Amino acid sequence: MYDVRSPKATEFIDHQEILDTLAYARENKDNKELVSSLIERAKDCKGLTHREAALLLECEDEELVEKMYKTAKEIKQKFYGNRIVMFAPLYLSNYCINGCVYCPYHAKNKHIRRKKLTQEEIRQEVIALQDMGHKRLALETGEDPVNNPIEYVLESIKTIYSIKHKNGAIRRVNVNIAATTVENYKKLKEAGIGTYILFQETYNKESYEALHPTGPKSDYAYHTEAMDRAMEAGIDDVGCGVLFGLETYRYDFVGILMHAEHLEARFGVGPHTISVPRVCPADDIDTADFSNAVPDEVFQKIVAVIRIAVPYTGMIISTRESAKCRERVLDLGISQISGGSRTSVGGYVEEEKIEENSAQFDVSDRRTLDQVVNWLLDLGYIPSFCTACYREGRTGDRFMSLVKAGQIANCCHPNALMTLKEYLEDYASPDTKKKGLAVIERELMNVEREKTREICRKHLKEIEEGQRDFRF
Ligand code: SF4
Ligand code: SF4
């Protein structure tokens, strides 16, 4: 029985409710008046329910789809302006005892090279990342209580935060590790993590169990209820995601919105971010094995409708996607992207030889961070290295109330300019620096409050003179 507030996975992600939602969407998809009224209502930026969003996704009327795209762009502009937050993944270990059939780290894959970074190797990786200009990381490890226990993750976080190389610093460490206990989530909270990220992969219990035949991750309820435990432990920024292509995209699209509604109903805060990866090729993994592959045009529509349905939730896309695809979805709703990523363990210090493959997936966008920053500037975006919120205690409902009131931009915009300026001073190529400085000059005029603009201008000058780490 569907119950949005229930702590039980099968009740807040009720299978029948998803089927009924999909049937409702199919039955009403040609009701132009209804779809149009929902798009109109979405313009007030209060979001849509999973049923309403499913209907939008199902509608194929070209004119209405264009209207959806237009609305998604307007909402994106209102909450995120033209800022794009940059981050990089850092793979600590690919030891894993799970059997996820879509991931090359699965325990039975005997020809992948297993590797776990020592603290010294982490230091070297972080220095390499700092030298690229990164300030925000997403830690990734496989699940293995012997090789990657929580103590290893905690020690690694401590190491990462402690490294100050030249002007570099990692100021926000987001963590993507397996579902764990309330006690361990409390430890992560104490270690000062930013967002706790865990992808559901698929919300369909039957498919989930088939895709995760062995290991602790095979427990659907334990995995699906992980965000509840994280929130009970005091982590109030959680990042959800599905791996599109494992199940039908319609099912998982409804599932992820129901998950967001559940967290909002139970804890008063929806997910901080939603990630939208698609199944992609990797060692021992052939995408042809997954018949639910999502074509580009559907993928764009998914991004646009998520943007409309949960306007206040950041959306993340990785280097799995090509530059062309990333360009299109940036416009429709993505607010964070990775740049210059290496998806192998130790890949920032030394790029891997093919035969040593330890990567989790093939990177499609292989450009350096500087090339990605340059490209974003050309497209009219402001690449932002901002990490201010969690360092200022703006997390959970405090953060969400600012976002919902449309006030967070008063912080995001000047912070984007100041962190971009740091990047330009310390790491950019001459061409990127030239373009970036012009963008900062232009965008300074768009800092709404005069007082904030003047403080920002002063800090930009101070950054030029060598000072670092200003924030609103
Ligand atoms: Fe392990 Fe995660 Fe890969 Fe599954 S998806 S095999 S849990 S690393
Ligand atoms: Fe993100 Fe907060 Fe910085 Fe805005 S001010 S970019 S919400 S960390």
Per residue Cα convex hull volume in Å³ - calculated over region 1-159 | 208
How many times 2.2 N^0.38 Å is the alpha carbon radius of gyration of region 26-92?
-> 1.39
List the aspartates and glutamates whose Cα lies under 16 Å from the Cα of Lys67, skipping any in the same chain that are fewer than 8 positions away.
-> Asp30, Glu33, Glu40, Asp44, Glu52, Glu58, Glu297, Asp331
Check: C-alpha center region 112-148 vs C-alpha center region 281-355, spacing in Å is 20
Per residue accessible area in Å² of the chain, where ligands, DNA and RNA are left out and the probe is 1.4 Å = 40
Give me the distance in nm between label points sitting 7 Å out from Cα along the Cα-to-Cβ direction at Lys73 and Gln124, one decimal.
-> 4.7
Find, to one decimal place in angstroms, the Kirkwood hydrodynamic radius of the chain, where the mean of 1/r is taken over every pair of different Cα atoms and then inverted.
-> 22.6
Between the residues Tyr249, Val372, Ile306, the Cα farthest towards the positive end of the dipole of the chain, that dipole coming from +1 and -1 charges on the beta-carbon of Lys, Arg, Asp and Glu, is from Val372
Protection proxy ranking, peptides 427-436, 370-379, average beta carbon neighbours within 10 Å, highest first | 370-379, 427-436
Taking a cut-off of 21 Å between Cα atoms, list the lysines near Lys421, but don't count ones fewer than 8 places away on the same chain.
-> Lys135, Lys164, Lys166, Lys433, Lys434, Lys435, Lys451, Lys458, Lys461
What are the semi-axes of the equivalent ellipsoid of region 240-326, taken as the square roots of 5 times the eigenvalues of the Cα gyration tensor, listed largest first and rounded to whole Å?
-> 24, 14, 12
Where in region 179-202 is the amide nitrogen less than 16 Å from a point lying 7 Å along the Cα-to-Cβ axis of Glu151?
-> 184, 187-188
Contact order normalised by residue count of region 208-358, Cα under 8 Å, 6+ apart, percent | 18
Count charges around Ile455 for me, please; just the other residues with Cβ under 14 Å from its Cβ, Lys/Arg as +1, Asp/Glu as -1.
-> +4
Dmax and Rg, reported as Rg then Dmax, of region 82-235 (C-alpha, Å) = 16.0, 51
If the chain between Asn446 and Asp61 were fully stretched, how many nm would it gain, using 0.36 nm times the residue separation less the Cα-Cα distance?
-> 135.0 nm
Where a Cα-Cα gap under 13 Å defines reach, which aspartates and glutamates qualify for Lys108, not counting those fewer than 8 residues away within the same chain?
-> Asp283, Asp284
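With only Lys, Arg, Asp and Glu charged, each at its Cβ (+1 for the first two, -1 for the last two), find how big the charge dipole of region 230-301 is about the Cα centre; round to the nearest 20 debye.
Around 280 debye, computed over region 230-301.
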Estimated [θ] at 222 nm from DSSP helical runs (n ≥ 4, -39500 (n - 2.57)) normalised by residues in the chain, nearest 500 | -14500 deg cm²/dmol
Out of Thr224, Ala191, Gly168, whose Cα points farthest toward the positive end of the dipole of region 165-228 (charges: +1 Lys, Arg; -1 Asp, Glu; placed on Cβ)?
-> Gly168
List the pair-distance distribution P(r) of region 273-410, using every Cα-Cα distance, as the percent of pairs falling in each 10 Å bin from 0 up to the bin containing the longest distance, rounded to whole percents.
-> 10, 34, 35, 18, 3, 0
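The values are calculated or read from the model by the stated rules, or taken from the named source; none is laboratory data. Worth saying up front: this structure is predicted, and the values here are computed from it rather than measured. Reconstructed Cβ throughout: ideal geometry from the backbone, glycine too, with neighbour counts over all protein chains shown. Heads up: the accessible areas ignore ligands, DNA and RNA and are worked out on the full protein's heavy atoms, side chains in. Shrake-Rupley method; radii C 1.70, N 1.55, O 1.52, S 1.80 Å.
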